[in-house]
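Please treat every number below as a calculation from the coordinates, not as lab data. Every value quoted in this text rests on a predicted model; they were computed, and no experiment measured them. Note that we place each Cβ from the backbone using ideal geometry, even for glycine, and neighbour counts take in every protein chain shown.
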Amino acid sequence: MRIIIKKYIKPILQAIGAYVFAYRFYSFLLFMKIKIINRFYKIFYKTAPILLYHRIFAPSADPVMLCVTPACFESHLEFLKKYYNVLPLSELSGRLATGTLEGDEAAITFDDGYRDNLVNALPLLEKYDIPATIFITTGQLGKKASFVWDMKYVASDRATFLSDEDIRILSNHRLIEIGAHTDTHRRLSDLDAAEQRADISESKTILENITGKKITAFAYPFGNVHDFDESSKKIAKELGFNFSYSNTQILAKETKDRFCIPRINVRECTASELSKKLKNK
């Protein structure tokens, strides 16, 4: 469906000058759908927010809203420490899968593997004694970030990816779990099954060689419902992952599907705004 929209529907909408309106209307409908689902879940199920961050950094400008400043992140940690039992992602996921969720849990994750996760985020996680999982894209370890979204930042604000040694330090830290995020960060639904397997397997192998540990958690690049498919889920299971995670803005609840556990993307916002987002007020 995503390919059809991109190849056929988008050009037509652009030609008649209706693409921006259509995109905004679609975004509004999606926002309302998520809000309704989360409110329904809060009423009828025990739920847990799994938060997704990318960079913890204060840029001069944030054109793609990838960054949460250290001060803002600390306010989030204070809020979470006060109102939630923040667990390692693996433990929380186990509760979701076994039906033992208590309803006051939360977890923190980071995607892509930016070095400011080590430099800026880890000291704050240590301060509040809060665990986190970092999902790492392995194709550019130790290099200056050069994905399309990274290149939108001015040179002084562009990130660097974690190096092999950084990953070893993090993997041996009592608060940190390491997960895989493919080798290239390509959208899996754009790839055939063999390409998906190669991309996912490569990241798992690289991280296991660096850490000397089994990597049992995987996060789909981009992570929306159109960014991976049933082949992605099947491959993750066959490669030995215990859990896989999406990015659908939905609260996690008890589930038998270990390979589509939802997370909520967090932007720069106050603790009060985060509270409203998670409690759906």
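Residue-wise HN-Hα couplings along the stretch 40-46, as the Karplus relation 6.51 cos²θ - 1.76 cosθ + 1.60 with θ = phi - 60° gives them from phi, are 4, 4, 4, 6, 10, 9, 7 Hz; Gly and Pro carry x. Its relative contact order, with pairs defined as Cα atoms under 8 Å and 6+ residues apart, puts the stretch 46-279 at 25 percent.
Of the residues Phe57, Thr133, Ser189, the one whose Cα sits farthest towards the positive end of the charge dipole of the chain is Ser189 (charges of +1 on Lys and Arg Cβ, -1 on Asp and Glu Cβ, taken about the Cα centre).
State the Kirkwood hydrodynamic radius of the chain in Å, one decimal place, computed from all pairs of distinct Cα atoms. Result for the chain, one decimal place: 19.4 Å. Of all lysines in the structure, those lying under 18 Å Cα to Cα from Lys279, and not within fewer than 8 positions of it along the same chain, are Lys33, Lys35, Lys42, Lys46, Lys81, Lys82, Lys253.
Between Lys143 and Glu102, the simple spin-label model (points 7 angstrom out along Cα→Cβ) gives 4.5 nm. For the stretch 102-219, the tally of Lys pairs with Cα-Cα distances below 18 Å comes to 4, considering only residues 8 or more apart or on different chains.
In this structure, the amide hydrogen of Arg115, modeled 1.01 Å from its nitrogen in the peptide plane, lies closer than 5 angstrom to those of Thr160, Phe161, Leu162, counting only residues at least 5 positions away or on a different chain. Think of the chain as having a plus end and a minus end, set by charges on the Cβ of Lys, Arg, Asp and Glu; of Asn224, Ser146, Ile34, Ile34 sits farthest toward the positive end of this dipole. Under 5 Å from the amide H of Gly179 lie the amide H atoms of Ile134, Phe135, Ile136, each residue being 5 or more positions distant or on a separate chain, with H modelled from the backbone and absent for Pro and chain starts. Centre-to-centre separation between the Cα atoms of the stretch 104-137 and those of the stretch 54-90: 9 Å. 3J(HN,Hα) along the stretch 91-102: 5, 4, 4, x, 5, 4, 7, 9, x, 10, 5, 8 Hz, from the Karplus curve 6.51 cos²θ - 1.76 cosθ + 1.60 with θ = phi - 60°, whole Hz, x for Gly and Pro. Packing, as the average of other Cβ atoms within 10 Å across residues, places the peptides 184-192, 129-137, 260-268, 57-65 in the order 129-137, 260-268, 184-192, 57-65, highest first. By the Cα gyration tensor, the stretch 41-193 has an equivalent ellipsoid whose semi-axes, rounded to whole angstrom, run 27, 19, 16 from largest to smallest. Computed about its Cα centre, the charge dipole of the stretch 46-279 is approximately 360 debye, with only Lys, Arg, Asp and Glu carrying charge at their Cβ. Shown for Glu91, Glu74, Glu254: other C-beta atoms within 10 Å of each C-beta, ranked fewest to most, produce the order Glu91, Glu254, Glu74. Couplings for the stretch 119-133, taken from phi via the Karplus curve 6.51 cos²θ - 1.76 cosθ + 1.60 with θ = phi - 60°, read 6, 9, 7, 4, x, 6, 4, 5, 4, 9, 6, 10, x, 7, 10 Hz in order; Gly and Pro are left as x. Shape verdict for the stretch 176-262, please, from the Cα gyration tensor: rounded (a/c under 1.5), prolate (a/b greater than b/c) or oblate. Here the stretch 176-262 falls in the oblate category.
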